[in-house]
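Everything below concerns the one structure shown next.
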Amino acid sequence: MKPARTFYVSPSLPKALFPLQELAYNLRWSWSHETIDLFRRTDRDLWDKVYQNPVKLLGTIKQERLAEVEQDESMINQMVRCYDDFRQYMTDRTWFETKYKDENPNLSAAYFSMEFGISECLPVYSGGLGLLAGDHQKSASDLGVPLIGIGLLYTEGYFTQYLNLDGWQQEKYLDNDFYTMPLTRVDGEDGKPLFVHVEYPDGWCSAAVWKVDIGRNILYLLDTNVPENPPAFRGITAQLYGGDLDMRMRQEVLLGMGGIRMLFAMGHHPNVYHMNEGHSAFLALERIRMYMQEHGISFAEARSVVRASNVFTTHTPVPAGIDVFPPDMMDRYFANYYKSLGITRDRFLALGRKNADDKNEGFCMAVLATRLAAYINGVSELHGQVSREMWRDIWPALPLEEIPITHVTNGVHLYSWASKEMTDLLNRYLGPRALREPTNQEIWNRVDGLPAEELWRTHERRRERLVAFARKRLRQQLISRGAPPVEVERANEVLNPEALTIGFARRFATYKRADLLFRDEDRLIRILNDKERPVQIIMAGKAHPRDSGGKDLIRKIIHTAQRPELRNRVVFLENYDIHMARYLIQGVDVWLNTPRRPMEASGTSGMKACVNAVLNFSVLDGWWCEGYETSNGWAIGHGEIYDDQELQDQVESDGIYEILEHDIVPTYYDRGGDDLPRRWIEKMKSTLKTLCPVFNTDRMVKEYTNRFYISCAQRHDSLTADNCKLTREFTAWKQFIRGNWDKLHINNIESQLPEQPLVNQQYQVTAQIDLAELSSNDVLVELLYGVLDTEGLITEPVKLLMAPVGGKKKGATQFTAALTCETSGRYGYTVRIMPTHPQLSDPFKMGLMHWA
């Protein structure tokens with residue numbers, strides 16, 4: 001029945017326990033082991049029942065138990081410690097304050113993402129993209145980087161996975177009760193619930209705003225499931241990655257445009273906007289419209305401001321994974337919006353097309369984000385190269401290596417993923433600064449001093465807990481499927497707490513090749529069932545609801561695991577999420593990753609394993625290309641890319657078996673009199689020492705801040721000062737440059753090169769350039785030279801800035817530079833011209849270039 005009135009009942013806590021409420025509503029507890037333990041101690045059974053949600057715990061715990069806690073001196077002392085630690089954390093001087101105390105950059109960044117994986121009790125994530133966003137938020141808080149997160153609040157979130165009797169993935173969606181989660185509804189200045197509004201073809205949609213405290217920073221989430229909306233609009237934030245293309249459009253309009261309107265409605269005016277994938281790229285258009293309206297400037301002028309202060313991170317290595325909307329859908333949603341921007345339909349659609357003149361090309365969100373960002377980056381060094389190849393058509397005049405797409409390799413938040421036992425061990429021998437200052441290599445070098453026995457026993461305890469967890473989950477799975485009691489009982493016998501344990505858990509997409517380990521079942525059976533050296537495999541992961549190929553992979557693995565020879569050696573756990581991920585990455589011995597290179601943009605699950613001294617065994621793709629050393633894990637292949645995928649799968653599958661049989665298994669079971677695998681432990685130490693200081697989100701967020709955020713903030717503030725005075729001048733300069741660019745001409749290039757130039761000798765090169773209406777301050781002239789390949793091309797040019805000298809000679813300006821050849825061979829040189837301006841983040845951005 002429909003209620004006549006609704007109201008919210010708050011937990012009734014004794015006054016002495018009030019700090020629990022404040023701790024529960026700030027997700028900083030999710031990376032504080034002692035605070036987690038505090039909530040668990042209040043009611044251990046209930047803690048598991050509410051799925052590690054402290055707000056729901058406090059709202060459902062019996063008052064008699066709270067009275068007992070109030071009288072428990074030990075628990076009160078622990079609460080005081082946790083609360084004091086939290087308050088200390090919130091007021092401590094941070095890295096950002098220390099580094100930029102003299103520069104006063106006035107940074108305020110907004111980070112937009114379709115999903116955020118922060119804690120299992122806030123299920124608004126599906127996988128790696130969301131976990132990366134959550135870890136980014138946590139490290140930004142630790143470092144004191146002022147950053148606001150913007151996302152969507154999903155009523156049903158991502159699906160809950162279960163398997164039928166045939167092993168086929170089924171999906172069910174469970175409603176989230178936001179009022180029992182660590183988030184609060186946001187009110188407007190009038191004290192009433194705040195709403196933001198976006199327009200769709202069938203009317204205006206309202207979205208409520210919810211706030212999540214993440215340490216020092218805030219995450220805002222938009223929710224359309226409100227009574228003010230008709231049923232069609234209430235479902236927009238029902239499911240993450242659910243629905244059809246039309247639903248995706250509605251969600252991305254809400255995230256991008258609604259997110260901007262929400263920020264401004266709340267009085268937030270960030271000067272940096274970070275798009276985590278292209279889903280939120282419509283924010284750039286809305287920013288342009290609002291700057292035009294607020295400052296009375298043109299589309300071109302507003303675009304200059306927006307582009308100078310946007311950052312775009314792409315995570316997708318294949319075009320098929322990127323949202324592209326057909327032109328007729330764009331017309332349906334944006335016909336009125338074209339007019340508000342003062343531009344034509346063709347000019348608007350060109351913003352989302354690689355080829356601006358192709359009227360049939362769809363509107364690509366990644367292209368829109370690319371065209372309207374100062375900085376674009378992939379998420380690993382290899383992915384940066386792949387992205388430059390993918391989007392090279394946007395810059396047709398540029399050599400591939402100069403496409404303005406760089407990379408910032410992903411990381412993980414070490415505090416969130418290190419087990420309590422590992423955290424205690426590192427604190428004991430390396431000191432608390434190891435995880436508090438994870439980029440400090442000097443501290444991690446002390447890992448060599450970790451006692452081998454303590455490190456190994458710490459890991460063994462986690463493996464034992466993983467096996468217990470897996471057995472419990474397997475029993476639950478079998479019961480829910482209606483399996484006979486004898487089969488349920490057998491679950492108590494699966495896995496061996498002492499056997500070499502391999503973990504494989506990730507999204508089940510076909511390119512991740514979860515079945516690569518099962519191509520030769522007989523050989524695998526021999527490896528797993530060696531009585532002296534047993535091996536076991538724990539697998540988990542979800543396929544997208546519409547990915548039948550991924551679902552079929554799961555079904556095949558389930559059928560294989562049901563063979564009598566594998567029943568106790570191979571386990572597939574349903575419904576992979578953050579909670580399960582912790583058990584896996586903290587308890588397995590080897591983390592297996594088998595993507596088809598180069599389709600893994602980065603991959604972060606293996607990084608999470610590192611902080612627990614788990615060894616990686618992976619194809620050289622994504623981050624592992626940068627992290628792998630022979631001392632810290634194993635590589636599958638040597639980085640080859642095959643034209644024949646079947647051949648590639650066969651070769652790399654064979655390689656897995658070879659390495660397992662001849663290296664991994666022998667190393668693990670090579671024990672001395674003390675029963676310690678000394679060689680294995682050395683690899684564990686190397687993993688901690690070489691990977692943890694690099695592949696963490698503290699390093700990553702520092703990179704984003706130092707390389708992108710600060711310069712974006714400074715450009716934004718200078719371009720918007722004095723009612724956008726500099727913007728008007730900068731835009732007028734760009735229009736002047738474009739209007740005169742074709743008049744430039746390189747008249748002549750002269751050099752002092754003799755017939756036989758010598759190694760390490762300097763030779764002057766002078767270019768006579770007719771600048772027409774431009775001045776030497778408007779252009780960047782470069783001399784490029786280097787060794788020629790067999791086709792007569794310069795493949796790795798040395799670039800030298802050519803300086804203007806003297807006055808004009810026969811109407812041309814002279815530019816000169818001195819080249820030096822460090823090796824002998826056949827060389828060549830050329831000259832090019834690009835526009836330059838203090839407000840231009842990159843000389844390639846305007847797409848203008850003259851080559852000799």
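The values are calculated or read from the model by the stated rules, or taken from the named source; none is laboratory data. Note that this is a predicted model, so its numbers are computed, not measured. In this analysis, Cβ positions are derived from the backbone assuming ideal geometry, glycine residues included, and neighbour counts consider all displayed protein chains. Only protein heavy atoms, including side chains, enter the accessible area calculation; ligands, DNA and RNA are left aside. Shrake-Rupley method; radii C 1.70, N 1.55, O 1.52, S 1.80 Å.
For region 828-849, which positions are of a type in the set (Phe, Trp, Tyr) and closer than 15 Å to Leu398 by Cβ? Walk me through how you get there before you give the answer.
Of region 828-849, the ones of a type in the set (Phe, Trp, Tyr) are 829, 844.
Across region 828-849, the qualifying residue is only Phe844.
What tally of residues in region 676-724 results from selecting those that are in contact with a Ser or Thr (Cβ under 8 Å, 6 or more places away or on another chain) and free of Cβ contacts under 8 Å to residues at least 12 places away in the same chain?
0
How many residues does region 807-848 contain that are farther than 17 Å from Glu773 by Cα and assigned to a loop (DSSP other than H, G, I, E, B)?
Selection size over region 807-848: 16.
Tell me which residues, restricted to region 611-645, are among the acidic types (Asp, Glu) and over 19 Å from Tyr657 (Cβ atoms).
Keep residues of region 611-645 that are among the acidic types (Asp, Glu), which gives 621, 626, 629, 640, 643-644.
Asp621, Glu626, Glu629, Asp643, Asp644, listed by residue number.
Please identify the pairs in which a residue from region 731-744 that is within 18 Å of Ser776 (Cβ to Cβ) has its Cβ atom under 7 Å from the Cβ atom of a residue that is part of a helix (DSSP H, G or I) and of a type in the set (D, E, K, R), counting only partners at least 6 apart or on another chain.
Correct list of pairs: Ile737/Asp778.
Quick check on my filter: what residues within region 168-195 are outside any loop (DSSP other than H, G, I, E, B), within 27 Å of the chain's Cα centre (by Cα) and in contact (Cβ under 8 Å) with a residue 60 or more places away in the chain?
Matches in region 168-195: Gln169, Glu171, Thr184.
Restricting to region 191-219, count the residues that are open to solvent by 20 Å² or more (accessible area, probe 1.4 Å), under 30 Å from Tyr89 (Cα atoms) and in contact with a Lys or Arg (Cβ under 7 Å, 6 or more places away or on another chain).
1
From Arg506, Arg490, Arg513, Arg519, which residue is open to solvent by 60 Å² or more (accessible area, probe 1.4 Å), under 30 Å from Thr316 (Cβ atoms) and in contact (Cβ under 8 Å) with a residue 24 or more places away in the chain?
On the way: Arg506 fails: open to solvent by 60 Å² or more (accessible area, probe 1.4 Å); Arg490 fails: under 30 Å from Thr316 (Cβ atoms); Arg513 fails: open to solvent by 60 Å² or more (accessible area, probe 1.4 Å).
Just a single option satisfies the conditions, and that option is Arg519.
Please list, ordered by residue number, the helices (runs of 4 or more DSSP H) wholly in region 654-773 having 3 or more residues that are charged (D, E, K, R) and closer than 30 Å to Phe299 by Cβ.
Numbers: elements: 665-669, 678-691, 697-703, 710-740.
The qualifying helices (runs of 4 or more DSSP H) are 710-740.
Just one of (1) open to solvent by 10 Å² or more (accessible area, probe 1.4 Å); (2) over 21 Å from Ala491 (Cα atoms) trips up Pro595, so point out which.
All conditions pass for Pro595, except number (1).
Looking only at region 306-338, count every residue that is of a type in the set (A, V, I, L, M, F, W, C) and open to solvent by 30 Å² or more (accessible area, probe 1.4 Å) and tell me the total. Working first, answer last.
So in region 306-338, the residues of a type in the set (A, V, I, L, M, F, W, C) come out as 306, 308, 311-312, 318, 320, 322, 324-325, 329-330, 334-335.
Now drop any that are not open to solvent by 30 Å² or more (accessible area, probe 1.4 Å), which leaves 318, 320, 324, 335.
Number of matching residues: 4.
Inside region 515-563, can you point out the residues that are farther than 16 Å from Glu574 by Cβ and among the small types (Gly, Ala, Ser)?
Ser548, Gly549, listed by residue number.
When you look at Arg832, is it touching a strand residue (DSSP E or B) at 6+ places or on another chain (Cβ under 6 Å), basic (Lys, Arg) and within 26 Å of Ala374 (Cα to Cα), yes or no? Can you show your working first?
Values: touching a strand residue (DSSP E or B) at 6+ places or on another chain (Cβ under 6 Å): yes; basic (Lys, Arg): yes; within 26 Å of Ala374 (Cα to Cα): yes.
Against the criterion (touching a strand residue (DSSP E or B) at 6+ places or on another chain (Cβ under 6 Å), basic (Lys, Arg) and within 26 Å of Ala374 (Cα to Cα)), Arg832 qualifies.
Give the residues of region 531-579 that are open to solvent by less than 30 Å² (accessible area, probe 1.4 Å), under 13 Å from Val494 (Cβ atoms) and not polar (S, T, N, Q), sorted by residue number.
Pro534, Ile537, Ile538, Met539, Ala561, Leu566, Val570, Val571, Phe572, Leu573
Within region 78-91, identify whether any single residue is open to solvent by 10 Å² or more (accessible area, probe 1.4 Å), within 28 Å of His269 (Cβ to Cβ) and in contact (Cβ under 8 Å) with a residue 12 or more places away in the chain, and answer yes or no.
yes
I'd like the full set of residues that are open to solvent by 10 Å² or more (accessible area, probe 1.4 Å) and aliphatic (A, V, I, L, M), limited to region 269-293.
Met290, Met292
Report whether or not Arg582 is of a type in the set (D, E, K, R), under 21 Å from Lys685 (Cα atoms), surrounded by fewer than 24 Cβ atoms within 10 Å (Cβ to Cβ) and in contact (Cβ under 8 Å) with a residue 24 or more places away in the chain.
On the way: of a type in the set (D, E, K, R): yes; under 21 Å from Lys685 (Cα atoms): yes; surrounded by fewer than 24 Cβ atoms within 10 Å (Cβ to Cβ): yes; in contact (Cβ under 8 Å) with a residue 24 or more places away in the chain: yes.
When the stated conditions are applied, Arg582 passes them.
State yes or no: is Thr687 crowded, with 24+ Cβ neighbours inside 10 Å and either among the polar types (S, T, N, Q) or closer than 18 Å to Gln586 by Cα (or both)? Spell out the reasoning first.
On the way: crowded, with 24+ Cβ neighbours inside 10 Å: yes; either among the polar types (S, T, N, Q) or closer than 18 Å to Gln586 by Cα (or both): yes.
For Thr687, the condition - crowded, with 24+ Cβ neighbours inside 10 Å and either among the polar types (S, T, N, Q) or closer than 18 Å to Gln586 by Cα (or both) - is met.
Going through Asp789, Asp770 one at a time, which residue ends up being more than 22 Å from Tyr375 (Cα to Cα), of a type outside the set (Val, Ile, Thr) and out of contact with any strand residue (DSSP E or B) (no Cβ under 9 Å at 6 or more places or on another chain)?
Values: Asp770 fails: out of contact with any strand residue (DSSP E or B) (no Cβ under 9 Å at 6 or more places or on another chain).
Just one listed residue meets the conditions, Asp789.
Output the residue which, of all residues in region 558-601 that are among the small types (Gly, Ala, Ser) and in contact with a helix residue (DSSP H, G or I) (Cβ under 6 Å, 6 or more places away or on another chain), is nearest to Trp624 (Cα to Cα). Explain how you work it out, then say what you get.
Going residue by residue through region 558-601, those that are among the small types (Gly, Ala, Ser) are 561, 581, 587, 601.
In the following step, the residues that additionally are in contact with a helix residue (DSSP H, G or I) (Cβ under 6 Å, 6 or more places away or on another chain) were identified as 587, 601.
Numbers: Gly587: 20, Ala601: 11 Å.
So, considering only residues that are among the small types (Gly, Ala, Ser) and in contact with a helix residue (DSSP H, G or I) (Cβ under 6 Å, 6 or more places away or on another chain), the one nearest to Trp624 (Cα to Cα) is Ala601.
Residues being aromatic (Phe, Trp, Tyr), open to solvent by 30 Å² or more (accessible area, probe 1.4 Å) and within 15 Å of Thr594 (Cα to Cα): count how many of those fall in region 636-682.
Initially, region 636-682 is screened for residues aromatic (Phe, Trp, Tyr), giving 642, 657, 668-669, 680.
Going one step further and asking which of them are open to solvent by 30 Å² or more (accessible area, probe 1.4 Å), we end up with 642, 669.
Adding the requirement that they be within 15 Å of Thr594 (Cα to Cα) leaves 642.
Adding up the residues that qualify gives 1.
One residue is enough: does region 756-775 have a residue meeting the conditions hydroxyl-bearing (Ser, Thr, Tyr) and modelled with pLDDT under 90? Step through it out loud before you land on a result.
Initial filter on region 756-775 (hydroxyl-bearing (Ser, Thr, Tyr)): 763, 766, 775.
Applying the additional criterion that residues be modelled with pLDDT under 90 yields none.
No, region 756-775 contains no residue that is hydroxyl-bearing (Ser, Thr, Tyr) and modelled with pLDDT under 90.
Within the group Glu640, Glu629, which residue is more than 20 Å from Leu414 (Cα to Cα), modelled with pLDDT under 95 and either more than 18 Å from the chain's Cα centre (by Cα) or among the β-branched types (Val, Ile, Thr) (or both)? Spell out the reasoning first.
Values: Glu629 fails: modelled with pLDDT under 95.
It is Glu640.
Within region 19-39, how many residues turn out to be under 16 Å from Leu219 (Cα atoms) and open to solvent by less than 40 Å² (accessible area, probe 1.4 Å)? Please lay out each step first, then the result.
Of the residues in region 19-39, the ones under 16 Å from Leu219 (Cα atoms) are 24-30.
Filter again for open to solvent by less than 40 Å² (accessible area, probe 1.4 Å), leaving 24, 26-30.
Of the residues in region 19-39, 6 are under 16 Å from Leu219 (Cα atoms) and open to solvent by less than 40 Å² (accessible area, probe 1.4 Å).
Quick one: count up the residues across region 431-452 that are touching a Phe, Trp or Tyr at 6+ places or on another chain (Cβ under 7 Å) and either among the aliphatic types (A, V, I, L, M) or surrounded by 20 or more Cβ atoms within 10 Å (Cβ to Cβ) (or both).
Total meeting the criteria: 3.
I want to confirm something. Restricting to region 742-761 and keeping residues that are open to solvent by 90 Å² or more (accessible area, probe 1.4 Å) and not polar (S, T, N, Q), which single residue is nearest to Met802 (Cα to Cα)?
The selected residue is His745.
Residue by residue, here is whether (1) modelled with pLDDT under 95; (2) open to solvent by less than 10 Å² (accessible area, probe 1.4 Å) holds:
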| residue | (1), (2) |
| --- | --- |
| Glu189 | yes, no |
| Leu221 | no, yes |
| Arg234 | no, no |
| Gln251 | no, yes |
| Gly256 | no, yes |
| Gly267 | yes, no |
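Which residues, taken from region 81-124, are among the β-branched types (Val, Ile, Thr) and in a helix (DSSP H, G or I)? Outline the logic, then answer.
Quick first cut of region 81-124, residues among the β-branched types (Val, Ile, Thr) only: 91, 94, 98, 118, 124.
Residues satisfying the conditions are Thr91, Thr98.
Inside region 357-426, counting only helices (runs of 4 or more DSSP H) that do not spill past its ends, which hold 3 or more residues that are among the hydrophobic types (A, V, I, L, M, F, W, C), at negative phi and touching a residue at least 60 places away in the same chain (Cβ under 8 Å)?
On the way: elements: 365-371, 381-390, 414-417.
Result: 365-371, 381-390.
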